[in-house]
Structures are given as structure tokens and as C-alpha cells.
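The values are calculated or read from the model by the stated rules, or taken from the named source; none is laboratory data. Since the model is a prediction, treat every value here as computed from it, not as a measurement. Cβ placement follows ideal geometry from the backbone for every residue including glycine, while neighbour counts extend to all protein chains displayed. Heavy atoms of the whole protein, side chains included, go into the accessibility calculation; ligands, DNA and RNA do not. Shrake-Rupley method; radii C 1.70, N 1.55, O 1.52, S 1.80 Å.
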Amino acid sequence: MSRKKTTLKSIAEYLNISVTTVSRALSGYDDVSPNTRRQVEEAVVTLGYVPNLAARRLVTGKSDAIGILLPVSYGDMRDHFLSHFLLHFGRSLHSHNPNLDLIVSYAPEGEEELSTYQRFIDSQRVDAFVVMRTRKDDARVNLLLENKVPFVTHGRTLSSEKHNWIDTDAITGFELATQSLINKGHKNIVLMNLPERMYTSDLRLEGYQKAMRQAGLMPEVYVTEVSDNIPHRLSLALLKRQNAPTGFICASDVIAHEVVKAAKELGIDPCADINVIGCDDLPVSTLGDPTISTLKSSFEDHSNAIISILQAQMNGHLTLPRNKLINYELIERQTSENITIN
């Protein structure tokens, strides 16, 4: 004999609470007490409740999903930062609300990007968005604001006062990293920065320049994409110069890894002859030989801040833009531990 299907009503009767309370607990509303939410979640497991998402969507108009449209080419998961972020964000989302799904798709920069966002909006595929890799004048942000769709940007834009965002304090972080090399006696320190269209590139530049100018040193900045072997070719060119830099501040651990790789190819010791500091504490910074110093911020903190803001917005409890700035910590590893320039 087939088992009777568990419904919201059966859960409510099992716990002796209202169907509305069960529904709001499963939807993540913060007017439900933590104890009641826990009891509902345990009952869901005990009774084997499987939500009818199609019916729920017709009733509520919600998809119970958050969307991230990756600004990379289709199928290209070589982006270490985005891959690492998705891992932590998905884990945090499940911890906050296991009934919220994460839908990840692709919307590479170009003509199709905005049409992809519009298609997701029109079809109500997701209830909210996380916008990655923010640009200074970001058309995605403008589109979401016009459509009144809940979203949080991971990074700031020129219109940050109008929308929710979380970001790292790149100015202070890159000043800290640069100052650490100055304190070791370096005078020829270059910044290998992200593309200028990205808002965060200006913040990284500001922190680096602040430390260099306070020390009376001349800033030297190079802009590079993170992929397509560009950082490696640039690193080789810089290290082959007669007056080659001895200090490298890199806007990404991936760029720092290419500096280390190029140095080893040229017979330059990346721990004794130069110092290299990356950013984001990605796996590439710890898995190689040598290990790479980096600016670290917690992916869990990023994820939790985004989810908290999104849930408040989705539940109608957020009327003004909210933001959070997360600090960097300098992690000294082999590429900046053992050298002092005299």
C-alpha cells in the first residue's frame, strides 16, 4: 500500500501549530522563532515531506531560488575565485535555509548578458540575484533596480548608494600588503591589478598608491586579465628587465601564482630574490611550491552577509540599501617571509 503523502497540514497537525506557521518557517521568514523553525525542519525529515514546488510557485509567485549568473564564458570554470565563492555560498545558503535553491547559469559580458538577466526576471526563475564582478557603471545593477528585483552585489559600483552590497576593504588591505614589502626594504614594488572596468581595481590601486607615496616611492601599475596566459607573459617581461621589480603586489592569487611560475622559469628564487603577495587566499596560494602570501577575507562572512541581506529584502523587511565592508588579513607565507632588502 502506498504511503500517504505528507503535506503542510500533516506537519501542522503533527506539531499542533498552524499551517501558516509551518509555511512561514519553511520559507525562511524571520517572524518564526528559532525553536519553532527547528521543530518544523525536524518534522520535515521525520515525516518525509517533499514540497510541491510547482503548486507553491502558483500560490506564492515565488520560485524559492537565488540566482547567480556567472560573467564568464559558457562552461569555463577556470575562474578560481568564482568557483571557490560558489562552494562557500551554496553551503551557507543551505545552512540558512535548506528550502532555498541556488541556480547558477552563465551570462558572459556582451550583448547577451542583459537579455539573460531579463529572461530570468520575466520567467520568475529566481526570487533574487547575487551580482558578481561588479563594474563601475554596471548595466546589470541598473536593470535590476528598474525591475525592482531583490539583489545584492558582491562589490561596489558608482551607484552603490542605491543598492545593497557587500565588499572587502581593498584600500586598507592593499595598503597593508604594500607597506609590508616597504618595511622589508623593497623600493621597486609593482602592482599587477585587475581590469580597470572593475570597481575594485580602483580600490586596490588607491591602497597601493597610498603606501607607496607615503614612503616616497614611485608607483608602477600594470593591468592584466586573470586568464588566457596574460599574467604569465607580463610577469616574464617584468622579471627580464634590467631594473626588475623585487616586490609584487597582485590583485589575485592567480596572478601571484603566474609571477612565481615565471620567476622559477628564469632561475629567480621567488622566496629569496623577490617577494610576492596575492589576494583572496584561493587554493592555488597553498597547493604550490612555494606557498604564496595573500590577503585573506572569509568567504563564509561574505556569503552569510549576502544571504542575510537578501532574505530581509525578499521578506519585505528591508526598505533602505544595506551594505557591509569586510576586512582583509595579511597571511605571510613563503613568498614574503624570508627576505629583507638592504
For region 134-196, what is the per residue volume of the convex hull drawn over the alpha-carbon atoms, in cubic angstrom? 84 Å³
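Average projected area of the Cα convex hull of region 71-212, in nm²? Please list the in-between numbers first.
On the way: hull surface 41.1 nm².
The directionally averaged projection comes out at 10.3 nm².
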For region 185-230, run through the GluC sites (Glu not before Pro) and keep only the ones in DSSP coil with at most 16 other Cβ atoms within 10 Å of their Cβ. 196, 225
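Under the 0.36 nm per residue contour assumption, what length would be gained going from the current alpha-carbon distance of residue 169 and residue 237 to full extension? Don't jump to the answer; show the numbers that get you there.
Values: separation 68, 0.36 × 68 = 24.48 nm, distance 3.04 nm.
Length difference between fully extended and current span is 21.4 nm.
According to the square roots a ≥ b ≥ c of the eigenvalues of the Cα gyration tensor, what is the shape class of region 160-234, taking rounded for a/c under 1.5, prolate for a/b larger than b/c otherwise, and oblate for the remainder? Write down the numbers at each step before the final one.
Details: a/c = 2.42, a/b = 1.23, b/c = 1.97.
The shape class here is oblate.
Quickly estimate the mean residue ellipticity at 222 nm for the chain, helices only: each DSSP H run with n ≥ 4 gives -39500 (n - 2.57), and the total goes over all residues, rounded to 500.
Numbers: 14 runs with 153 residues, N = 342.
Taking each H run of at least 4 residues, the total per residue is -13500 deg cm²/dmol.
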Expected field for residue 222, accessible surface area in Å² at 1.4 Å probe radius, rounded to 10, holds 60 Å²
Quick check on region 186-342: what does the Kirkwood estimate of hydrodynamic radius come out to from the alpha carbon pairs, in Å? 16.8 Å
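At 0.36 nm per residue, and after removing the present C-alpha to C-alpha distance, how many nm does the segment from residue 146 to residue 106 gain when stretched out fully?
On the way: separation 40, 0.36 × 40 = 14.40 nm, distance 2.14 nm.
Between residue 146 and residue 106, full extension yields 12.3 nm more.
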Can you give the Rg and Dmax of the chain based on its C-alpha atoms, in angstrom? 23.7, 83
Check residue 324: other-chain or 5+ apart residues with amide H under 5 Å from its amide H, H built from backbone geometry? 165, 166, 167
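FRET efficiency for residue 137 and residue 45, Cβ-Cβ distance as r, R0 = 56 Å, nearest 0.05? Write down the numbers at each step before the final one.
Details: r = 47 Å, r/R0 = 0.84.
Step by step, r from the Cβ atoms, then E = 0.75.
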FRET efficiency, residue 337 to residue 158 (Cβ-Cβ, R0 30 Å, nearest 0.05): 0.20
In degrees from 0 to 90, rounded to the nearest 10, what is the angle of the helix 170-183 Cα long axis to the longest principal axis of the chain? 30 degrees
Give the whole-number value, in cubic angstrom per residue, of the convex hull volume spanned by the C-alpha atoms of region 214-277. 92 Å³
To the nearest 10 degrees, how steeply does helix 34-47 sit against the main Cα axis of the chain, on a 0 to 90 scale? 70 degrees
Nearest-ten-degree value, helix 299-314 long axis tilted from longest Cα axis of the chain: 40 degrees
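If packing is taken as the average count of other Cβ atoms within 10 Å, what order do 294-301, 247-254, 262-269 fall into, highest mean first?
On the way: 294-301: 19.9, 247-254: 27.4, 262-269: 14.8.
Ranking, from highest mean packing down: 247-254, 294-301, 262-269.
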